[in-house]
Amino acid sequence: MSKQAPRAQWASRLGFVLAAAGSAIGLGNIWKFPYITGQNGGGAFVLVYLVSIAIVGLPIMMAELMIGRQTRRDAVGAFIKLEGKRSPWCAAGWISVAAAFIICSYYSVVAGWTLEYLYRSLLDSFSGQPAAAIEGMFGGLTANGPRQLFWHFVFMILCLGIVIGGVQKGIERWNKILMPILFALMVLLFLNGLFSAGAWQGLAFMFRPDFGKLTPGSVLEALGHAFFTLSLGMAAMITYGSYLNRKENLLSASFRVVLLDTTISLMAGVAIFSVVFSVNMQPAAGPGLVFKTIPVVFSQLPGGQFLAIVFFLLLAFAALTSNISLLEAQVAYLIDERGWGRKRASAFLAGLAFVVGIPTALSYNLLSEWKVVAGLVFFDAADLLASNYLLPLSGLVTAIYVGWFWSGAEEKQQLLAGGAGWVYPAWHFLIRYISPLAVAVVLYFKVRDTGLFAWIAALLG
Ligand code: PHE
């Protein structure tokens, strides 16, 4: 344990809720959720996603916050404190910190793209350009290694500047500034969508379920995304939970975070699809939705430059508040377990994330021929490893641990106190049976579909 007790704590409940919502609300909400909704046909997918949030996301988030608050340690230290250094449960902690490390490095590169697009919006580079030229800019950016490295660097420096300030004076303070601005920007874009010509079509696309379009694959996608969007399985929530006051009502705190996260995702969907429909473009654009379709759409709308600035600022803030939680999750490990000072730990880890992010930034240019595994460039391999394997794995182990092996049911019950009488049994049922089962299914299919079984079989000869 660190020598510098007492340990850091949030100054207020609002500070915690905003910081945890800041972690949860990220590129996943504004970039990924709308495009996977588009690819999976809209309404029915949204419904499945909402159910996944309720039966998998919320229970596991509560479990992670509990572990953090109970132990007041980083994710690795938390399991050590509960079960001892040699316990296999500590793997959950290690895997989650490893995932935080990997994601932090490539998330920063993608966040860098949003900074580039913000910069271009400020320069008004989209207005009056033909659609093909605007769409081509994205390929131009990913083909440009040095430019991506520059923005990746800028973004990591911003993260470092915040995390180095500490829990209250850095993370909490900045989330209290950035998150309200983020909400305001989102409301602006949402209203813009509602008043656009495509509003009805956008709303119908998001909320009118067409179950014919739902495939087993979309269910898995919804479940997996529920996990990613709430920052589960990557040490962030355990770490943020460890700064929580003992008196805090965990149930309502996590409920608020989940509510904010879900609201932002739904608003982002409506904001994006409405304007996309208003200029007669297609929603199923895939990952290019935000970096290609959206700039084209805004270039054709009155006030488009302003909208683009608002949009990319929103995206950049969302990415920033998420990435600082990933950095903090690792920093907490070095402080709590290795006795490092915060300054040194933050600088070291931000530097390391920058270096590890370099091959990611070069994945579609200099290193595009370098296939790390199974024909994947570095970026895709890192993403595959972290978000397809490590996150569900650590989430699964955590759910099983909390549901079945964490002794002291009374303690758990107490941690959940404040809710109605049925809340504890309901949560306990979900965390014991439903959440682990759902995550296990996701993990199984991810492993199968990405060919890991075949790979291992080949390895074993
Ligand atoms: N939850 C964030 C999002 O939706 C991403 C994230 C992943 C943040 C992992 C922290 C940890 O984009």
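The values are calculated or read from the model by the stated rules, or taken from the named source; none is laboratory data. Everything numeric here is computed off the predicted structure, so don't read it as measured data. Neighbour counts are summed over all protein chains in view; Cβ atoms, including those assigned to glycine, are modelled from backbone coordinates with ideal geometry. Calculation scope for accessible area: heavy atoms of the full protein, side chains included, ligands and nucleic acids excluded. Shrake-Rupley method; radii C 1.70, N 1.55, O 1.52, S 1.80 Å.
Numbers for the structure displayed
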read-out: Criterion: under 19 Å from Ala226 (Cβ atoms), surrounded by 21 or more Cβ atoms within 10 Å (Cβ to Cβ), within 16 Å of the ligand (Cβ to nearest atom) and of a type outside the set (S, T, N, Q) - qualifying residue of Gly28, Gly38, Gly42, Gly68; value: Gly28
read-out: Complete set of residues in segment 123-140 that are touching a helix residue (DSSP H, G or I) at 6+ places or on another chain (Cβ under 6 Å) and of a type in the set (A, V, I, L, M); value: Ala131, Ile134
read-out: Subset of segment 142-158 [touching a residue at least 60 places away in the same chain (Cβ under 8 Å), of a type outside the set (S, T, N, Q) and out of contact with any Ser or Thr (no Cβ under 7 Å at 6 or more places or on another chain)]; value: Ala143, Gly145, Leu149, Phe153, Ile157, Leu158
read-out: Yes/no for Leu182 being surrounded by fewer than 21 Cβ atoms within 10 Å (Cβ to Cβ) and either in a helix (DSSP H, G or I) or not aliphatic (A, V, I, L, M) (or both); value: no
read-out: Any hit, segment 231-246, residues being open to solvent by 10 Å² or more (accessible area, probe 1.4 Å) and assigned to a helix (DSSP H, G or I); value: no
read-out: Residues of segment 263-276 classified as closer than 16 Å to Gly57 by Cα and surrounded by 24 or more Cβ atoms within 10 Å (Cβ to Cβ), total; value: 2
read-out: Hits in segment 192-203 - residues which are closer than 10 Å to Phe273 by Cβ, over 26 Å from the mean Cα position of the chain (by Cα) and in a helix (DSSP H, G or I); value: Ala199, Gln201
read-out: Selection from segment 79-98 of residues that are in contact (Cβ under 8 Å) with a residue 12 or more places away in the chain and in a helix (DSSP H, G or I); value: Phe79, Ile80, Leu82, Cys90, Ala91, Ala92, Gly93, Trp94, Ile95, Ser96, Val97, Ala98
read-out: Single residue of segment 344-386 satisfying the filter (open to solvent by 50 Å² or more (accessible area, probe 1.4 Å) and aromatic (Phe, Trp, Tyr)) that is farthest from Tyr107 (Cα to Cα); value: Trp370
read-out: Selection from segment 204-230 of residues that are more than 10 Å from the ligand (Cβ to nearest atom), part of a helix (DSSP H, G or I), of a type outside the set (D, E, K, R) and within 28 Å of Arg448 (Cβ to Cβ); value: Phe211, Gly212, Pro216, Gly217, Ser218, Val219, Leu220, Ala222, Leu223, Gly224, Ala226
read-out: Helices (runs of 4 or more DSSP H) fully within segment 345-431 counting 2 or more residues that are under 14 Å from Ile103 (Cα atoms) and at pLDDT 85 or above; value: 378-383, 391-400
read-out: Residue selected from segment 277-291 under the condition small (Gly, Ala, Ser) and under 26 Å from Leu230 (Cα atoms), by the criterion surrounded by the most Cβ atoms within 10 Å (Cβ to Cβ); value: Ala285
read-out: Candidates Ile324, Ile294, filtered to the one that is buried (at least 22 other Cβ atoms within 10 Å of the Cβ), part of a helix (DSSP H, G or I) and within 15 Å of the ligand (Cβ to nearest atom); value: Ile324
read-out: Contacts under 7 angstrom Cβ, first residue in segment 260-276 being over 15 Å from Val290 (Cβ atoms) and among the polar types (S, T, N, Q), partner within 13 Å of the ligand (Cβ to nearest atom) and at pLDDT 95 or above, 6 or more apart; value: Thr262/Ile53
read-out: Residue list for segment 97-115, filter: open to solvent by 10 Å² or more (accessible area, probe 1.4 Å) and more than 8 Å from the ligand (Cβ to nearest atom); value: Val97, Ala98, Phe101, Ile102, Tyr106, Trp113, Leu115
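The rows are residues; the columns are (1) assigned to a helix (DSSP H, G or I); (2) of a type outside the set (A, V, I, L, M).
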site: Gly128; (1), (2): no, yes
site: Ile134; (1), (2): yes, no
site: Gly139; (1), (2): yes, yes
site: Pro146; (1), (2): yes, yes
site: Phe150; (1), (2): yes, yes
site: Phe153; (1), (2): yes, yes
site: Cys159; (1), (2): yes, yes
site: Ile162; (1), (2): yes, no
site: Gly165; (1), (2): no, yes
